[in-house]
1. Any residue at all in segment 109-118 that's in contact (Cβ under 8 Å) with a residue 60 or more places away in the chain, closer than 17 Å to Ile19 by Cα and surrounded by fewer than 17 Cβ atoms within 10 Å (Cβ to Cβ)?
2. Of these, Gly31, Gly50, which one is without any contact (Cβ under 8 Å) to a residue 12 or more places away in the chain, more than 21 Å from Leu91 (Cβ to Cβ) and surrounded by fewer than 19 Cβ atoms within 10 Å (Cβ to Cβ)?
3. Residue by residue through segment 69-79, note down the ones that are surrounded by fewer than 16 Cβ atoms within 10 Å (Cβ to Cβ) and under 18 Å from Met105 (Cα atoms).
4. If the requirement is being modelled with pLDDT under 90 and either surrounded by 16 or more Cβ atoms within 10 Å (Cβ to Cβ) or of a type in the set (Ser, Thr, Tyr) (or both), which of these qualifies: Leu94, Leu83?
5. Taking the stated definitions as given, is Leu64 over 20 Å from Glu120 (Cβ atoms), of a type in the set (A, V, I, L, M, F, W, C), at pLDDT 90 or above and in contact with a helix residue (DSSP H, G or I) (Cβ under 6 Å, 6 or more places away or on another chain)?
6. Would you confirm whether or not segment 73-90 contains a residue that is out of contact with any helix residue (DSSP H, G or I) (no Cβ under 9 Å at 6 or more places or on another chain), free of Cβ contacts under 8 Å to residues at least 40 places away in the same chain and under 20 Å from Leu115 (Cα atoms)?
7. Examine segment 96-103 for a residue that is in contact with a strand residue (DSSP E or B) (Cβ under 6 Å, 6 or more places away or on another chain) and more than 28 Å from Gly31 (Cα to Cα), and state whether such a residue exists.
Amino acid sequence: MAHTPTVPIILIVDDDPAIRKMLVEMLSLEGYATETATNGREALDMLAAGGPRVVLLDLLMPVLDGREVMHELNARPVERANLKVILVSALPNLENAQDLNADGMLAKPFQVNDLMQVLEPMMAAVS
């Protein structure tokens, strides 16, 4: 099977610059293209412009948090159908976010293998 040269872009949405930098580095080493947003509003603007197909979305952020971003995305079924969203949070009760209709969840702190285990099936689904 021939591999297409266009790799889906992963949008990293987190208000913590250290976490954004770490994720960009981790994913770049794995061969993925990334973009970053510092809050939910910025992320929604970037998604509306097209491009990213997989989103790593922090739940706790200023301006517009992950929960609000998910509500906005879920209100746009056509746009939402083309996206895979993985919620990322240090909250101990991440399973309480099940109602947000995310495609995956990842608890902070995590290792590269944890991230790849959640991310790889999403990447395959949007490729």
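The values are calculated or read from the model by the stated rules, or taken from the named source; none is laboratory data. On a predicted model such as this, the values are computed, not experimentally measured, just so you know. Methodologically, a virtual Cβ is constructed for each residue, glycine included, from the backbone with ideal geometry; neighbour enumeration extends over all protein chains shown.
1. Yes.
2. Of the residues listed, the single one that is without any contact (Cβ under 8 Å) to a residue 12 or more places away in the chain, more than 21 Å from Leu91 (Cβ to Cβ) and surrounded by fewer than 19 Cβ atoms within 10 Å (Cβ to Cβ) is Gly50.
3. His71, Asn74
4. Leu94
5. So Leu64 fits the description; yes.
6. Yes: one or more hits.
7. yes
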